[in-house]
Amino acid sequence: MYPQRLIQKPLIWELGHRFKVVTNIRQAKVTDEIGIVCLEIDGPRKDVQAAIRWLEKVGVNVEPVEISVVES
Amino acid sequence: MEKQEGFMRALKCRECGREYPLTATHVCEFDFGPLEVVYDYDRIRKAMTRSTIERRPESMWRYRELLPVASEPTVGLQVGFTPLIRADRLAKRLGIRELWIKNDTVNYPSLSFKDRVVSVALSRARELGFNTVACASTGNLANSVAANAASAGLKAYVFIPHDLEQGKILNSLIYGANVIGIKGHYDEVNRLCAEIAGKFGWAFVNVNMRPYYAEGSKSMAYEIVEQLGWQIPPHTVVPMASGSLLTKIHKGYQELVKLGLASNGECHVHGAQATGCAPIAHAQKAGLDFFKPVKPNTIAKSLAIGTPADGFYALKVMKETSAAADDVTDDEIREAMRLLAETEGIFTETAGGVTVGVAKKLIASGKIPADSSAVLCITGNGLKTLDAVDGHVGAPREIKPSLREFESLVANEVKTVSA
């Protein structure tokens, strides 16, 4: 999930250039307040993890496809 | 799907409608949408009448045709059919004509509504041939999986954040579950558990078993309707964590209408959250159909999900049923817990305080009219969150073992009986 300030940034393009991962958008919804993208990231485990860390570092909220696995 | 499995027909994607076989799977391969169990309602209509239901034992399994098991359930046979209590004293304090409490604080065996979803997930897991079950939880779900797995002889792995309070850990360890504390922040714990669920051949109740697991919540709706004399209440107030319970209560009501077991009348399903974690309530109040994730900060830990998986669907149900949502602060939660305890003798955990507190606001604002009737879903026992009220409910007054001292202490409260 992208916060408002990142909506106009080409983050998925940048992700594909920075890391050896294959990206595949499965669902997306972008409003002027938030961007929600369901993105498949495929590749070696360490590259996938590095890609997720980078996304988090730039301010994207990264969840597994299940969203919240930890319940009360 | 060709194979008949009880009254289930298939798993179906809630986004695109594609159907899948009734296996341990939870997301659509095409759009990653969540899968949901669909049933053969024509066959259920022939098999299930009010009188057949009423003749069965008082547990959630008296509605078994509408629950996702292929044959007789094997786990949690005593779960559910908790009391529906007419709460006149609380109604008077909240300013409403008629109020009911659906009291899952006494659900069996682990004192929360999670026993409903877990007994369904574990019964189905056994049917699918699993002998190890797992979950990722910070409290009630872990306790319920540990307890129900123990009674069924299933091996259980329970994943928790490593810094969870000791009391909550003991409540799972006592049942002999394998409790694994994960060091890391919430998102990391979340992602690791999703990975574990994908890699190990276990029945992860809220991951690959989720389509079955979530259906267990519907039993709360069936019981409410039956206990009200087969009437759907005009207003139901439901606490929201992932938002799943609210959507399933609504689905339960709709199914009873579809089967002709209840009539289609006024029905609003309202949502309750804590102000410190209210992504769904805030979206509802702002008229949005999506929520913005938040970092939870509330004493209502059992509702503290900042990115609720069913938030979108809960918003949809509230819109469809012209319902409202609201949120309450930590102080309001404690005050509501105390109000429920003092008026009805029910000690709820913080989530119940959220439900009562929000009901109070919805009644005061007229969103639930004062001349109407409402059911409040109270989902967990107060003994689970003693720390939340510690220091907020007063303390015992101490005296020496002296009658004179006691008489002096209560002189202004009671009349002394003369000898």
Response to the item:
Over the range A:19-39, the set of residues surrounded by fewer than 14 Cβ atoms within 10 Å (Cβ to Cβ) and under 16 Å from A:Glu56 (Cβ atoms) is none
Response to the item:
Of those in the range B:240-271 that are within 14 Å of another protein chain (Cβ to nearest Cβ) and in contact with a Leu (Cβ under 6 Å, 6 or more places away or on another chain), the residue farthest from B:Ser51 (Cα to Cα) is B:Ala241
Fill in: Matching residues, the range B:59-75, being over 19 Å from the mean Cα position of the chain (by Cα) and assigned to a loop (DSSP other than H, G, I, E, B)
B:Val69, B:Ala70, B:Ser71, B:Glu72, B:Pro73, B:Thr74
Item to complete: Take the residues in the range B:136-166 that are more than 22 Å from B:Met220 (Cα to Cα) and in contact with a Cys (Cβ under 9 Å, 6 or more places away or on another chain), then tell me which one is surrounded by the most Cβ atoms within 10 Å (Cβ to Cβ).
Response: B:Ala136
Worksheet item: For residues in the range A:41-72 being at the interface with chain B (Cβ under 8 Å from one of its Cβ atoms) and charged (D, E, K, R), which is nearest to B:Arg191 (Cα to Cα)?
Response: A:Glu63
Discussion item. Criterion first (part of a helix (DSSP H, G or I) and among the β-branched types (Val, Ile, Thr)) does B:Thr307 satisfy it?
Written reply: no
Worksheet item: Any idea how many residues of the range B:187-244 are closer than 21 Å to B:Gly265 by Cα and either surrounded by fewer than 24 Cβ atoms within 10 Å (Cβ to Cβ) or not aromatic (Phe, Trp, Tyr) (or both)?
Response: 20
Worksheet item: Among (1) surrounded by fewer than 24 Cβ atoms within 10 Å (Cβ to Cβ); (2) part of a helix (DSSP H, G or I); (3) at pLDDT below 95, where does B:Ser302 come up short?
Response: (1)
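Regarding B:Thr350, is this residue more than 15 Å from B:Ala278 (Cα to Cα), within 14 Å of chain A (Cβ to nearest Cβ) and either out of contact with any strand residue (DSSP E or B) (no Cβ under 9 Å at 6 or more places or on another chain) or surrounded by 13 or more Cβ atoms within 10 Å (Cβ to Cβ) (or both)?
The answer is no for B:Thr350.
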Item to complete: Taking only the range B:110-158 into account, find how many residues are in a helix (DSSP H, G or I) and aliphatic (A, V, I, L, M).
Response: 14
Worksheet item: When you look at B:Arg55, is it surrounded by fewer than 17 Cβ atoms within 10 Å (Cβ to Cβ), under 24 Å from B:Ser263 (Cα atoms) and without any contact (Cβ under 8 Å) to a residue 12 or more places away in the chain, yes or no?
Response: yes
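Residues are listed down the side, and each one gets a yes or a no for (1) in contact (Cβ under 8 Å) with a residue 60 or more places away in the chain; (2) assigned by TED's automatic domain parsing to the domain that holds B:Ile224; (3) aliphatic (A, V, I, L, M):
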{"position": "B:Leu259", "(1), (2), (3)": "yes, yes, yes"}
{"position": "B:Ser263", "(1), (2), (3)": "no, yes, no"}
{"position": "B:Cys267", "(1), (2), (3)": "no, yes, no"}
{"position": "B:Pro279", "(1), (2), (3)": "no, yes, no"}
{"position": "B:His282", "(1), (2), (3)": "no, yes, no"}
{"position": "B:Lys285", "(1), (2), (3)": "no, yes, no"}
{"position": "B:Lys301", "(1), (2), (3)": "yes, yes, no"}
{"position": "B:Ile305", "(1), (2), (3)": "yes, yes, yes"}
{"position": "B:Arg334", "(1), (2), (3)": "no, yes, no"}
Practice prompt. From B:Leu256, B:Leu261, B:Leu245, grab the single residue that is assigned to a helix (DSSP H, G or I) and more than 23 Å from B:Glu15 (Cα to Cα).
Written response: B:Leu256
Worksheet item: On the given criteria, is B:Ala274 within 14 Å of chain A (Cβ to nearest Cβ), farther than 13 Å from B:Pro308 by Cα and surrounded by 24 or more Cβ atoms within 10 Å (Cβ to Cβ)?
Response: yes
Practice prompt. Only residues in the range A:1-30 that are touching a residue at least 24 places away in the same chain (Cβ under 8 Å) and of a type in the set (A, V, I, L, M) count as the first member; pair them with residues that are surrounded by fewer than 16 Cβ atoms within 10 Å (Cβ to Cβ) and in a strand (DSSP E or B), Cβ under 9 angstrom, at least 6 apart or cross-chain, and list the lot.
Written response: A:Ile7/A:Val30; A:Ile12/A:Ile25; A:Val21/A:Asp42
Fill in: Enumerated helices (runs of 4 or more DSSP H) restricted to the range B:159-230, each holding at least 1 residues that are touching a Ser or Thr at 6+ places or on another chain (Cβ under 8 Å), closer than 18 Å to B:Pro308 by Cα and more than 10 Å from chain A (Cβ to nearest Cβ)
B:210-215
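The values are calculated or read from the model by the stated rules, or taken from the named source; none is laboratory data. Bear in mind that the values here come from a model prediction, so they are computed numbers and not experimental data. Glycine also receives a Cβ, built like all others from the backbone with ideal geometry; neighbour counts cover every protein chain displayed.
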